[in-house]
Amino acid sequence: MKKIILIICLLAFYIGKLEAQSYISQYDYLRSYRGKGTVDTLDWAKIKITYSLDYMPDSLEKGYILKDRKILLIGDKYNHFFSYYVRQQDSVLTADWDRNKNSAPINWEKDILGEGYEIFVNLPEKGKQTVKEFITNLSIYRYMESSDPPTWSIHSDTSTILNYLCTKATTRFRGRDWTVWFCPDIPVDAGPWKLRGLPGLILKVADSRNHYIFECIGMEQLDGKKEPILYGRAANHSSTKCTREEYRKVQKRFYEDHTNMLRIFGFNINVMDNNGEYIDRLPTLDTSLAEKHVSWSTRISKEDLDRKLPYNPIELE
């Protein structure tokens, strides 16, 4: 089962060297920041928060934990939340493509896997947020939703995190019960993922089953124009605009029928035996790619073709 989820998660993070150049939206941001593309500099970060994330992709395999590192950039008008590891991988891709070379993945430790989603708070307007979600690098979705915070219960419990005295708060949000620790001495209404709305910066978050645990591991105050909050407009042409509900339906279907969904998204499936030898090929169901003579491929073992993937997203409802 681990083999299946790693194969599919790697599609969302980096699918290896495909038979044609793949599209990853952060590439637009990094390339555009160097003056070569279409990008909006929404804001300049005043504070940069780094969170560790431990998450459980399979709720039935409790010993299997993946790790990510998240960045929260806080500007005067906008906040941006994204994966450091995805950004680093895309930096490599950007440099390689600028030199017309084949890109190669960074060799992270085996338990590190960056989640591809990113969140722009106050885009397109205050009270809204734009979310970009990645199922694979050929299936990118973006939706707008309210940025209204959940309803919190604040408790008397305290804890010290990074030498800051924090207060406990709890809420029910998107299908999970969350406990967070926020710091009243840092009067910033922000936190990891979509959690905010407390009188202080949220430094630690865990759901009741410890499937998702965020913890602040670094904080930096920035002066001047050091860290831009960038939004790649070119990425919108390669992403599907939808509602959150529409995205979640596609996401769930992908986990339940990943082989056919990959073919719908534009991939040819090279079927491998247990020894890693090629035995068959399932062509893409996207006929437009064949007409354009574009070919994208990935490998799946024969025994994994019809299996469902473990489904444990951060949002359960």
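The values are calculated or read from the model by the stated rules, or taken from the named source; none is laboratory data. From a predicted model like this one, the values you see are computed outputs, not experimental measurements. Every residue, glycine as well, gets a Cβ built from its backbone with ideal geometry; the counts of neighbours run over all protein chains shown. We work out accessible area using only protein heavy atoms, side chains counted, and drop any ligands, DNA or RNA first. Shrake-Rupley method; radii C 1.70, N 1.55, O 1.52, S 1.80 Å.
Here are the criteria: (1) closer than 28 Å to Ile47 by Cβ; (2) not in a loop (DSSP other than H, G, I, E, B). Tell me which single one Lys194 does not satisfy.
(2) is the only condition that Lys194 fails.
Working only within the stretch 199-218, note down all residues that are of a type outside the set (D, E, K, R), open to solvent by 10 Å² or more (accessible area, probe 1.4 Å) and free of Cβ contacts under 8 Å to residues at least 60 places away in the same chain.
Pro199, Ala206, Ser208 - these are the residues of the stretch 199-218 that are of a type outside the set (D, E, K, R), open to solvent by 10 Å² or more (accessible area, probe 1.4 Å) and free of Cβ contacts under 8 Å to residues at least 60 places away in the same chain.
Report whether or not Phe214 is of a type in the set (Phe, Trp, Tyr), in a strand (DSSP E or B) and on the phi < 0 side of the Ramachandran plot. Walk me through how you get there before you give the answer.
Numbers: of a type in the set (Phe, Trp, Tyr): yes; in a strand (DSSP E or B): yes; on the phi < 0 side of the Ramachandran plot: yes.
Taking the combined requirement at face value, the residue satisfies it.
So which of Ser156, Ser147 ends up being of a type in the set (Ser, Thr, Tyr) and over 21 Å from Asp207 (Cβ atoms)? Spell out how you get there, then give the answer.
Working: Ser147 fails: over 21 Å from Asp207 (Cβ atoms).
From the options Ser156, Ser147, the qualifying one is Ser156.
Per-residue answers, yes or no, for (1) surrounded by fewer than 18 Cβ atoms within 10 Å (Cβ to Cβ); (2) under 22 Å from the mean Cα position of the chain (by Cα):
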site: Met261; (1), (2): no, yes
site: Ile264; (1), (2): yes, yes
site: Met272; (1), (2): yes, no
site: Asn275; (1), (2): yes, no
site: Leu285; (1), (2): yes, no
site: Ser295; (1), (2): yes, no
site: Lys302; (1), (2): yes, no
site: Leu305; (1), (2): yes, no
site: Lys308; (1), (2): yes, yes
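Taking Glu315 as the residue in question, decide whether it is modelled with pLDDT of 95 or more and open to solvent by 20 Å² or more (accessible area, probe 1.4 Å). Don't jump to the end; show me each part of the working.
On the way: modelled with pLDDT of 95 or more: yes; open to solvent by 20 Å² or more (accessible area, probe 1.4 Å): no.
So Glu315 fails the test.
Would you check which residues across the stretch 40-76 are in a loop (DSSP other than H, G, I, E, B), within 28 Å of Val188 (Cβ to Cβ) and touching a residue at least 60 places away in the same chain (Cβ under 8 Å) and list them?
Ala45, Lys46, Gly75
Return the residues of the stretch 137-191 that are open to solvent by less than 20 Å² (accessible area, probe 1.4 Å), farther than 30 Å from Gln89 by Cα, touching a residue at least 40 places away in the same chain (Cβ under 8 Å) and outside any loop (DSSP other than H, G, I, E, B); say none if nothing qualifies.
Within the stretch 137-191, just Arg176 meets the criteria.
Provide a single number: the residues in the stretch 243-279 that are touching a residue at least 24 places away in the same chain (Cβ under 8 Å) and of a type in the set (Lys, Arg).
3
Restricted to the stretch 102-136, and to residues that are at pLDDT 85 or above and among the aliphatic types (A, V, I, L, M), which residue is surrounded by the fewest Cβ atoms within 10 Å (Cβ to Cβ)?
Ile112
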